[in-house]
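The values are calculated or read from the model by the stated rules, or taken from the named source; none is laboratory data. Just so it is clear, the model here is predicted, and its values are computed rather than measured. Here the Cβ positions follow ideal geometry from the backbone for every residue, glycine too, while neighbour counts run over all protein chains shown. Protein only, heavy atoms only, side chains kept; ligands, DNA and RNA dropped before computing areas. Shrake-Rupley method; radii C 1.70, N 1.55, O 1.52, S 1.80 Å.
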Amino acid sequence: MNRRIGGKVQMLRNTPTSYGLVTIVIHWLMAIAIFGMFGLGLWMVELNYYDNWYHDAPYIHKAVGMLLLFLLIFRFGWRLNNVRPKLMGETWEKLVALAVHRLHYLLLFILTTTGYLIPTAGGVGIDIFGLFTVPATLSFTKDQADLIGMVHLYAAWAAVGLAVMHAGAALKHHVIDKDITLLRMLGVNSNNTQQGEK
């Protein structure tokens, strides 16, 4: 199934040489959400009771976090049912890229799962912008909830740090190696750019 964009046909699914539209959209949505949620999380913990955003910021953080978890689950399923475009670079670069991708999935699952467990520790579900509520499934003591909170914080820093490294590697491929690693995730898959592939 394809979609026509700007006079060109963009595949919805991945191919051995290019990323499909679904993968591209999910990638950038999650990138924006992760950095946005990271900034919101650091900012909201500094708010005091009299700040206007004292209640709203955590509400948004929790709701978007749950949507991010659902998107992550969908992305993982989509990844399992799509081919992975051929990686570029030296053998060690390909191995590092695979390790980073897998570690990022793990960190994001830890991040979003702990993000679910923290506010539901007392048995209260998470309201998703008034559309539906994600029910609480487990309850924890305060000490356990605090530990989960620490795991959440460290996972957030690790995920963002890994994302920055990932972005740096993509720029390295684009500027130094002059291959199409970055262009493919921007939806540029013309035959003329394929010659940069190693």
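Of note:
- All positions within the stretch 140-189 that are hydroxyl-bearing (Ser, Thr, Tyr) and under 16 Å from Met88 (Cα atoms): Thr181
- Residues that are in a loop (DSSP other than H, G, I, E, B) and out of contact with any Leu (no Cβ under 7 Å at 6 or more places or on another chain) within the stretch 104-139 comprise Ala121, Gly122, Gly123, Val124, Gly125, Phe129, Gly130, Leu131, Pro135, Ala136, Thr137, Ser139, listed in sequence order.
- Pairs with Cβ under 6 Å, 6+ apart, first in the stretch 134-146 and open to solvent by less than 90 Å² (accessible area, probe 1.4 Å), second assigned to a helix (DSSP H, G or I): Val134/Met66; Ala136/Thr120
- Any chance Thr120 is touching a strand residue (DSSP E or B) at 6+ places or on another chain (Cβ under 7 Å) and among the polar types (S, T, N, Q): yes
- Test: Gly168 is at pLDDT 90 or above and open to solvent by 30 Å² or more (accessible area, probe 1.4 Å): yes
- Out of Val100, Val25, sole residue that is closer than 21 Å to Leu183 by Cα, within 19 Å of the chain's Cα centre (by Cα) and either among the small types (Gly, Ala, Ser) or open to solvent by 40 Å² or more (accessible area, probe 1.4 Å) (or both): Val25
- Criterion: under 23 Å from Gly36 (Cα atoms) and either surrounded by fewer than 16 Cβ atoms within 10 Å (Cβ to Cβ) or modelled with pLDDT of 95 or more (or both) - qualifying residue of Leu95, Leu182, Leu111: Leu111
- In the stretch 116-129, the residues that are open to solvent by less than 60 Å² (accessible area, probe 1.4 Å) and over 16 Å from Leu68 (Cβ atoms): Ala121, Gly123, Gly125
- Matching option when the condition is in contact with a His (Cβ under 8 Å, 6 or more places away or on another chain) and without any contact (Cβ under 8 Å) to a residue 60 or more places away in the chain, among Leu40, Leu29, Leu69, Leu47: Leu40
- All positions within the stretch 77-92 that are exposed (fewer than 13 other Cβ atoms within 10 Å of the Cβ) and in a helix (DSSP H, G or I): Gly77, Leu80, Thr91, Trp92
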